[in-house]
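The values are calculated or read from the model by the stated rules, or taken from the named source; none is laboratory data. Bear in mind the structure is a predicted one, so any value in this text is a computation, not a measurement. Counting neighbours? That spans all protein chains shown, and the Cβs are built from the backbone with ideal geometry, glycine included. These accessible areas exclude ligands, DNA and RNA; they are computed on the full protein's heavy atoms, side chains included. Shrake-Rupley method; radii C 1.70, N 1.55, O 1.52, S 1.80 Å.
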Amino acid sequence: MAEAAPGKEEEFRSTNQTAFVVGHTGGTGSALVEELVNRNIFQKVVLIGRRKLDKYEEEKYNMLEQKIVDFEKLEDYADEFKGHSVGFVCLGAAKGSVGKEEYQKSNHDYIVKVAELAKAGGCSHFVLTSAIDADKDSMMVHKRLKGQVEAECTDMGFQKLSIFRPGLILAQQAKRNSRVLVALLTPIIYFKPTLMSVPAETIGKAMVNTVLDPSEEAVKIIDNKGIHLVASGKECKK
């Protein structure tokens, strides 16, 4: 059984590593940033996105650095991905929230390009949010894109690749259709909280714990129940 990750924070902190986060404006990414700030295990965390957020200019967030990029020209920003030992990616668009082309880019193209730049820039641990139903051979677009991203990132040969497959993500800034679904599934969420849903904060905690106490496997897929376990420090390494 893996040791609870909090016991390793001081050891990790002493290594003075840096990380980047892509997708920090979404529900999961926002929760991850809060966890990174509260745990304070990195010397610096670079938030890479389309725009700056004023909230991160507050003193509490002085360990963060915001970088603005054009996702259509990511190769022009290769330097922003250099020198980080860990890369977190929480990027993706909800079905129906954008057009078909933007959906493809946000759920596949941008993520794969970020992974390529991260690998070239020396990233040794790539941490990716995917989906509970990811399947590169699926006929359904959402499942297929998520599965393709997982397969392509795996083929890049990161020293460590942690893939999180959450179910229904419970986030404060959830879209209306997600809020409706949560309302319908409230009894299941209440009585079986690990079955098909997970709070964004739990994902953020699990991502940080995975960095502190990584799996012995080069590629580790963490399903919805596993996310709850990793967040609590109870997941086995193997």
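Remarks
- Restricting the stretch 92-101 to residues that are over 22 Å from Ile227 (Cβ atoms) and surrounded by fewer than 14 Cβ atoms within 10 Å (Cβ to Cβ), the residue that is nearest to the chain's Cα centre (by Cα): Ser97
- Flag if Glu150 is at pLDDT 95 or above, more than 23 Å from Gln17 (Cβ to Cβ), charged (D, E, K, R) and open to solvent by less than 20 Å² (accessible area, probe 1.4 Å): yes
- Per the listing Val89, Val37, Val69, the residue uniquely within 14 Å of the chain's Cα centre (by Cα), open to solvent by less than 20 Å² (accessible area, probe 1.4 Å) and on the phi < 0 side of the Ramachandran plot is Val89.
- Within the stretch 92-122, considering residues that are outside any helix (DSSP H, G or I) and at pLDDT below 95, the one nearest to Val37 (Cα to Cα): Gly92
- Selection status of Ala78, open to solvent by 20 Å² or more (accessible area, probe 1.4 Å) and under 22 Å from Leu161 (Cβ atoms): yes
- Those residues of the stretch 135-158 which are over 23 Å from Ile48 (Cβ atoms) and assigned to a loop (DSSP other than H, G, I, E, B), in sequence order: Asp135, Lys136, Asp137, Ser138, Met139, Met140
- Filter result (farther than 20 Å from Ala151 by Cβ, aromatic (Phe, Trp, Tyr) and touching a strand residue (DSSP E or B) at 6+ places or on another chain (Cβ under 8 Å)) within the stretch 65-119: Tyr77, Phe81
- Scanning the stretch 118-140 for residues that are open to solvent by 20 Å² or more (accessible area, probe 1.4 Å) and in contact (Cβ under 8 Å) with a residue 40 or more places away in the chain returns Ala120, Gly122, Ile132.
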